[in-house]
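Colleague: One structure, pasted below without further comment.
The values are calculated or read from the model by the stated rules, or taken from the named source; none is laboratory data. All figures in this text were calculated on a predicted structure; none of them were measured in a lab. When we count neighbours, we look across all protein chains shown, and the Cβ atoms used for this are built from the backbone with ideal geometry, even at glycine. Ligands, DNA and RNA are excluded from the accessible area calculation, which covers all protein heavy atoms including side chains. Shrake-Rupley method; radii C 1.70, N 1.55, O 1.52, S 1.80 Å.
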Amino acid sequence: MNTDTLLLFAAASFVLAVTPGPTMLLALSNGISGGMQRAKWGMAGALMGSTIVIAVVALGLGSLLAASEWLFNALRVAGVIYLVWIGVKLWRSPAPDVAAAIAAPDTEPQGRLALTRSLTVAVSNPKTVLFFGAFLPQFIDTAQPQGLQYLVLGTIFIGLDACIMLAYAGAGTQAMRWLSQRSLQRLNRGCAAGMWALAATLAFWRRPGA
């Protein structure tokens, strides 16, 4: 893979990663609710999910999802329900107790919950699989071994995604330090509204060519 291809891919991946999506909203919300400790768990889950999705595309299973209307709709409905449920949980969560969060770091069960949520959100969105299925092959040289190319592109994307999520989580952590509890709750509810908006978008989205 030549340098121009890698730079073009990195630029396109940066634009994709910086656009607010469910995993980014969760990174922000985790930073608000539990500080960087909880956000790190959530980031780990989101990056695991991205790795799985890219592996699915590399193995050609993205084409199967694109061809199967039943499989696409099943995954789409599951994704919508989960995003709505996450939104409800964020909306109903109490205002973060800043002093308590700073004095007592998150327990492991809370961290694992953040990881599970982010992982599930990342792998339950068929739009992501289909997008990567159309996006990644544009940068693949079919005349060369493809496995290593997918590994390089996946590493670049996941590295950029981690940096952007870290920025979202850092913004949430700083908000926890500087904003009042009421303002933090409103910001958390803004993340919940974002989840519902993304769920609505996914609910009405159809496969290309359907």
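Colleague: Just wondering, is there one or more residues in region 89-104 that are at pLDDT below 85, open to solvent by less than 50 Å² (accessible area, probe 1.4 Å) and either under 30 Å from Arg76 (Cα atoms) or touching a Cys at 6+ places or on another chain (Cβ under 9 Å) (or both)?
Modeller: The answer is yes; a qualifying residue exists.
Colleague: Can you tell me which residues in region 21-41 are within 15 Å of Leu166 (Cβ to Cβ) and open to solvent by 20 Å² or more (accessible area, probe 1.4 Å)?
Modeller: Selection gives Thr23, Leu25, Leu28, Met36, Gln37, Arg38, Lys40, Trp41.
Colleague: Please go through region 108-124 and pick out each residue that is open to solvent by less than 20 Å² (accessible area, probe 1.4 Å), closer than 13 Å to Met43 by Cβ and touching a Phe, Trp or Tyr at 6+ places or on another chain (Cβ under 6 Å).
Modeller: Gly111, Ala114
Colleague: Something else now. Quick check: anything in region 65-81 modelled with pLDDT of 85 or more and more than 15 Å from Ala122 (Cα to Cα)?
Modeller: For region 65-81, residues modelled with pLDDT of 85 or more and more than 15 Å from Ala122 (Cα to Cα): absent.
Colleague: Take the conditions closer than 23 Å to Ile54 by Cα, part of a helix (DSSP H, G or I) and either open to solvent by 20 Å² or more (accessible area, probe 1.4 Å) or in contact with a strand residue (DSSP E or B) (Cβ under 8 Å, 6 or more places away or on another chain) (or both) and apply them to Gly159. Does it pass? First the steps, then the outcome.
Modeller: Numbers: closer than 23 Å to Ile54 by Cα: yes; part of a helix (DSSP H, G or I): yes; either open to solvent by 20 Å² or more (accessible area, probe 1.4 Å) or in contact with a strand residue (DSSP E or B) (Cβ under 8 Å, 6 or more places away or on another chain) (or both): yes.
Yes.
Colleague: Which of the residues spanning region 125-149 are open to solvent by 20 Å² or more (accessible area, probe 1.4 Å) and in contact with a Leu (Cβ under 7 Å, 6 or more places away or on another chain)?
Modeller: Asn125, Lys127, Leu130, Phe139
Colleague: Let me ask another. Quick check on this structure: which one of Leu59, Leu113 is closer than 30 Å to Arg177 by Cβ and either in contact with a Ser or Thr (Cβ under 9 Å, 6 or more places away or on another chain) or at pLDDT 80 or above (or both)?
Modeller: Answer to the check: Leu113.
Colleague: Kindly indicate the residue of region 175-210 that is surrounded by fewer than 16 Cβ atoms within 10 Å (Cβ to Cβ) and assigned to a loop (DSSP other than H, G, I, E, B) and also modelled with the highest pLDDT among those meeting that condition.
Modeller: Phe204
Colleague: Let me confirm something: among Ala39, Ala27, Ala11, which residue is without any contact (Cβ under 8 Å) to a residue 60 or more places away in the chain, in a helix (DSSP H, G or I) and of a type in the set (A, V, I, L, M, F, W, C)?
Modeller: Step by step, each of Ala39, Ala27, Ala11 is checked, and only Ala11 is without any contact (Cβ under 8 Å) to a residue 60 or more places away in the chain, in a helix (DSSP H, G or I) and of a type in the set (A, V, I, L, M, F, W, C).
Colleague: Given the options Ala11, Ala27, name the one that is more than 24 Å from Gln149 (Cβ to Cβ) and small (Gly, Ala, Ser).
Modeller: Of Ala11, Ala27, the one residue that is more than 24 Å from Gln149 (Cβ to Cβ) and small (Gly, Ala, Ser) is Ala27.
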